[in-house]
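Here's the structure we're looking at; comments come further down.
The values are calculated or read from the model by the stated rules, or taken from the named source; none is laboratory data. Note that the structure is a prediction, hence the values are computed from the model and not measured. Counting neighbours? That spans all protein chains shown, and the Cβs are built from the backbone with ideal geometry, glycine included. Just the protein is used for accessible areas: all its heavy atoms, side chains included, with ligands, DNA and RNA removed. Shrake-Rupley method; radii C 1.70, N 1.55, O 1.52, S 1.80 Å.
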Amino acid sequence: SALAKECERKSHGYADIWLYKNSGYYADALEYYMRVFGKENVKIFFYDEFLHDNNTILQEICSFAGVELNYRFQHVSEVNKSGLPKLAFVAKLLAPNMFTYILRRIIPQGAGRVVRKVIKDWNTGSKPILSNHIRVSLLADYKEDILRVESLVGRQSGWLR
């Protein structure tokens, strides 16, 4: 339903965060960055590469930025986990509101953040399943952009699978 409302949202001046499909085009932005900063000064990684071996990717980023270090980064599994809430009222309790404002004044910041993450992770269920029809439609819409991205970075993204 959000994809169906995108044209209407765009015409009403909604922020990019509400333009889901529109936010998925990357080639123009990459070309711009490479033109402004020079291709040799732009390093691109795909999220799947990071998930597969985040230590190596973080080491490469440091090396690219000229940061000398001999450090083994801690493994990162899933960040910003998404999915449908198992219990809607728990999700509402965790959303920014007067209740969470008061709790932040009572519970020390570090402890509160950990507790909130544990509860949020526990309450996050499975992701909604994208219908095959929408998937095929989105892949057709994004195909040219994906091929341009792959050409710019010099390797396949895996996004057309």
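Worth a mention:
- Counting 0.36 nm for each residue step from ASN55 to LYS120 and taking away their Cα separation leaves a gain of 20.8 nm.
- For the chain, size of Cβ-based charge dipole, Lys and Arg +1, Asp and Glu -1, in debye: 900
- Element breakdown for region 80-161 at a 1.4 angstrom probe: carbon and sulfur atoms account for 64% of the accessible area.
- At 1.002 mPa s and 20 °C, Stokes diffusion of the chain via Kirkwood alpha-carbon radius, µm² per second: 109
- Per-peptide average of other Cβ atoms within 10 Å, ordering 137-147, 12-22 highest first: 137-147, 12-22
- Spatially proximal aspartates and glutamates relative to LYS5 (Cα-Cα < 15 Å; intrachain offsets below 8 disregarded): ASP16
- Span-like helix ranges in the chain, DSSP H, alpha carbon extent 27 angstrom or more, Kyte mean at least -0.5: 132-153
- Solvent exposure of the chain, expressed per residue, is 78 Å² of accessible area, with all protein chains present and a 1.4 angstrom probe.
- Lysine pair count for region 26-161 with Cα-Cα distance under 17 Å and sequence separation of 8 or more or different chains is 9.
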